[in-house]
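Engineer: Please find one structure pasted underneath; my questions will follow.
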Amino acid sequence: MTIEVKTLILNIDEHFDESIKLAHELFLKGLIFIYPTDTIYGFGGNPFNEEAIKKISNAKGKANWRRYIFLISDIEVLKSYIEINSEKHLDFLLSIWPNPVSVILKLNSHYSEILKMETAAFRIPNHRFCIKLLNELKMPLISTSVNRTGTEPLNDPSMIMQEFSNEVNAIFYSKSKSFVEASTIIDLSGEQPKYIREGRIKFVDLMKKLS
């Protein structure tokens with residue numbers, strides 16, 4: 001059964017600072033919201049709050065789903081959560097971010113136990129709202145496509161409002177043109193890189209930076 005919630009709707013172009021403040025408060029309270037990124041719109045919440053994870057999973061129709069992308073503000077934040085054994089991989093991350101490239105990395109033992117998984121995908125987004133919010137949070141932020149299981153991601157604010165306005169605590173939107181492709185995903189958790197999904201950034205261009 002879906003429990004309806006009162007949803008606040010803010011245009012980030014007109015209410016930027018207010019939107020950042022509200023998103024920060026919702027994050028800390030374990031509440032969830034929808035927001036624009038440098039790829040497609042995403043559900044957002046605190047990855048360390050079980051209630052937030054449950055709410056996003058329910059909205060998407062994926063029980064106990066945890067394979068979200070984590071947005072972060074910078075490499076120093078990333079280092080707190082992962083194990084990096086290769087300077088080459090670290091140099092690669094520095095060369096590609098901020099950009100719509102999500103990289104699967106091995107979590108350190110502490111956060112692997114907390115998050116109940118061995119690896120996680122991270123990205124530093126190239127988006128003003130995201131970067132400002134992430135700099136305020138100083139923690140990873142969940143990012144996962146705005147859709148029900150088995151349906152295409154929604155990227156039009158009016159359609160998002162129509163579908164999810166009673167299931168999230170806030171919808172942050174922009175009238176600026178948004179991109180319609182999800183991020184490229186590469187797996188660097190093992191010894192050899194694996195290409196998982198190609199988006200705006202092409203694998204061939206990533207290979208040049210990894211070689």
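The values are calculated or read from the model by the stated rules, or taken from the named source; none is laboratory data. Everything quoted here is computed from the prediction, not taken from an experiment. No Cβ is skipped: glycine too gets one built from the backbone with ideal geometry, and neighbour counts run over all protein chains shown.
Engineer: What's the total number of residues in the stretch 42-57 that are aromatic (Phe, Trp, Tyr) and more than 17 Å from residue 113 (Cβ to Cβ)? Lay out the reasoning, then the answer.
Structural biologist: Residues of the stretch 42-57 aromatic (Phe, Trp, Tyr): 43, 48.
Imposing the further condition that a residue be more than 17 Å from residue 113 (Cβ to Cβ) reduces the set to 43.
The qualifying residues number 1.
Engineer: From the set of residues in the stretch 155-187 that are modelled with pLDDT under 95 and of a type in the set (A, V, I, L, M, F, W, C), which is nearest to the chain's Cα centre (by Cα)?
Structural biologist: Filtering first and then ranking leaves 182.
Engineer: If you don't mind, another one. So the check is Cβ under 8 Å with 6+ separation or different chains; which pairs have a first residue in the stretch 109-128 that's on the phi > 0 side of the Ramachandran plot and crowded, with 17+ Cβ neighbours inside 10 Å and a second one that's in a strand (DSSP E or B) and among the acidic types (Asp, Glu)?
Structural biologist: none
Engineer: Please enumerate the residues belonging to the stretch 176-211 that are loosely packed, with under 14 Cβ neighbours inside 10 Å, touching a residue at least 24 places away in the same chain (Cβ under 8 Å) and either of a type in the set (S, T, N, Q) or touching a His at 6+ places or on another chain (Cβ under 6 Å) (or both).
Structural biologist: 176
Engineer: Just for helices (runs of 4 or more DSSP H) wholly inside the stretch 1-116: which have at least 1 residues that are closer than 29 Å to residue 193 by Cβ and either modelled with pLDDT under 95 or in contact with a helix residue (DSSP H, G or I) (Cβ under 9 Å, 6 or more places away or on another chain) (or both)? Explain how you work it out, then say what you get.
Structural biologist: Details: elements: 16-28, 50-60, 75-79, 87-96, 109-115.
Once the helices (runs of 4 or more DSSP H) in the stretch 1-116 are filtered for at least 1 residues that are closer than 29 Å to residue 193 by Cβ and either modelled with pLDDT under 95 or in contact with a helix residue (DSSP H, G or I) (Cβ under 9 Å, 6 or more places away or on another chain) (or both), what remains is 50-60, 75-79, 87-96, 109-115.
Engineer: Across the stretch 37-60, what is the number of residues that are touching a Gly at 6+ places or on another chain (Cβ under 8 Å), touching a residue at least 24 places away in the same chain (Cβ under 8 Å) and not basic (Lys, Arg)?
Structural biologist: The qualifying residues number 6.
Engineer: Need the failing condition index for residue 130 against (1) part of a loop (DSSP other than H, G, I, E, B); (2) under 22 Å from residue 26 (Cα atoms); (3) not small (Gly, Ala, Ser), just the number.
Structural biologist: Condition not satisfied by residue 130: (1).
Engineer: Same structure again: Taking the stretch 159-175 as the search range and keeping residues that are under 24 Å from residue 200 (Cβ atoms) and hydroxyl-bearing (Ser, Thr, Tyr), which one is surrounded by the most Cβ atoms within 10 Å (Cβ to Cβ)?
Structural biologist: The residue in question is 173.
Engineer: I want to confirm something. Restricting to the stretch 61-94 and keeping residues that are closer than 20 Å to residue 191 by Cα and hydroxyl-bearing (Ser, Thr, Tyr), which single residue is surrounded by the most Cβ atoms within 10 Å (Cβ to Cβ)?
Structural biologist: Only one residue tops the list, namely 81.
Engineer: Still on this model: Could you please give the count of residues in the stretch 21-59 that are charged (D, E, K, R) and crowded, with 21+ Cβ neighbours inside 10 Å?
Structural biologist: So in the stretch 21-59, the residues charged (D, E, K, R) come out as 21, 25, 29, 38, 50-51, 54-55.
Subset that is crowded, with 21+ Cβ neighbours inside 10 Å: 38, 55.
Within the stretch 21-59, residues that are charged (D, E, K, R) and crowded, with 21+ Cβ neighbours inside 10 Å number 2.
Engineer: Let me ask something else. Could you tell me which residue of the stretch 64-111 is nearest to residue 42 (Cα to Cα), considering only residues that are out of contact with any strand residue (DSSP E or B) (no Cβ under 6 Å at 6 or more places or on another chain) and small (Gly, Ala, Ser)?
Structural biologist: 73
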